[in-house]
Amino acid sequence: MIRHIIAAIATLLALWAMYFMYQLDVKAERLKQIQEVIRKSHQEVHLKQTVQPIQKAPTTTASQEAKKKENEAEQKLKALKERAGNMMAFKVSPLYKQKCSSCHGVNGEGIIGPKLVGKNESEVYQALVDFKSGKRKNYVMYGLLTKMSDDEIKALSKEIGTFAQKMEAASK
């Protein structure tokens, strides 16, 4: 009976974590849209400055206001980036997003579950097989893996094994 309660709680936590990751994906997409708007606005401001005649006092005030607005936008963008963390540092498969990201993070850096970055393919594969067989006890992992095929487990293992290289490439 207690196992079922623990499994239910773990499932609820996993569902909440998936919803949370979905919300972060939405915010990351919004961040991309904001970056695009900022990028376009820089071009528009640049074009307007080359067309408009130079004025002494009003240009300085307008320039200061433009810089102030730009600084505010940059601060908001920085806050969003910090809030999102290293989200979307590199692309992951839909299978990883669906099965793993809610606990292990979008890029495998760990949230509820342990950090996966730096683990090699065979290490991850063996751990997944052990969870699926029940050799290692974790109700959430067991629940996720029981319906997965061996090919899916191998694909996840291979993908997770490349996270360290992807993270390094994304940080350059």
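Being within 14 Å of H4 (Cα to Cα) and either in a helix (DSSP H, G or I) or of a type in the set (F, W, Y) (or both) is the filter here; which residues of segment 121-143 pass it?
Selection gives Y139, V140, Y142, G143.
Within the group K135, K147, K97, K158, which residue is in contact with an Asp or Glu (Cβ under 9 Å, 6 or more places away or on another chain), surrounded by fewer than 20 Cβ atoms within 10 Å (Cβ to Cβ) and without any contact (Cβ under 8 Å) to a residue 40 or more places away in the chain?
Within the list K135, K147, K97, K158, the selection yields K158.
So which of Y125, Y142 is outside the structural domain of L24 (by TED's automatic domain parsing), touching a Lys or Arg at 6+ places or on another chain (Cβ under 8 Å) and surrounded by fewer than 17 Cβ atoms within 10 Å (Cβ to Cβ)?
Just one listed residue meets the conditions, Y142.
The values are calculated or read from the model by the stated rules, or taken from the named source; none is laboratory data. What you see is a predicted model, and the numbers here were worked out from it, not measured in a lab. Here Cβ is always computed from backbone atoms with ideal geometry, including for glycine, and neighbour counts include all displayed protein chains.
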